[in-house]
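Participant: Provided herewith is a single structure, encoded as structure tokens, for subsequent inquiry.
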């Protein structure tokens, strides 16, 4: 199965650099418009070397990004149940006007 996404949107939050052991990632929310002007957003991450290359990304910047949709699972601290979601794992991005 092919899992490849290309999205155009605006970075909603200041990108945050997170260190996990020897790995690093940048994470932020990307707002986008789909269908008939419906608004949506997705949580994004950029890992390791690519995070260093794309460290210039900032809040309010309009980008086009390529990557894949990754399923996530975590323990909900409020309910004690498993929660599920998705993250857009970006492999390349470019600033656009």
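The values are calculated or read from the model by the stated rules, or taken from the named source; none is laboratory data. What you see is a predicted model, and the numbers here were worked out from it, not measured in a lab. Cβ coordinates were reconstructed from backbone atoms using ideal geometry, including for glycine residues, and neighbour counts include every protein chain displayed.
Participant: Considering only region 77-88, how many residues are over 18 Å from residue 15 (Cβ atoms) and outside any loop (DSSP other than H, G, I, E, B)?
Facilitator: 5
Participant: Among the candidates 85, 80, 52, which residue alone is over 17 Å from residue 5 (Cβ atoms) and touching a residue at least 12 places away in the same chain (Cβ under 8 Å)?
Facilitator: Answer to the check: 52.
Participant: Which condition number does residue 74 fail, the rest of (1) touching a residue at least 60 places away in the same chain (Cβ under 8 Å); (2) loosely packed, with under 10 Cβ neighbours inside 10 Å; (3) in a strand (DSSP E or B) being met?
Facilitator: (1)
Participant: Here is a check on your reading of the model: is residue 65 modelled with pLDDT under 90 and surrounded by 13 or more Cβ atoms within 10 Å (Cβ to Cβ)?
Facilitator: no
Participant: Considering every residue within region 44-55, establish whether at least one is at pLDDT below 90, surrounded by fewer than 10 Cβ atoms within 10 Å (Cβ to Cβ) and on the phi < 0 side of the Ramachandran plot.
Facilitator: Within region 44-55, one or more residues are at pLDDT below 90, surrounded by fewer than 10 Cβ atoms within 10 Å (Cβ to Cβ) and on the phi < 0 side of the Ramachandran plot.
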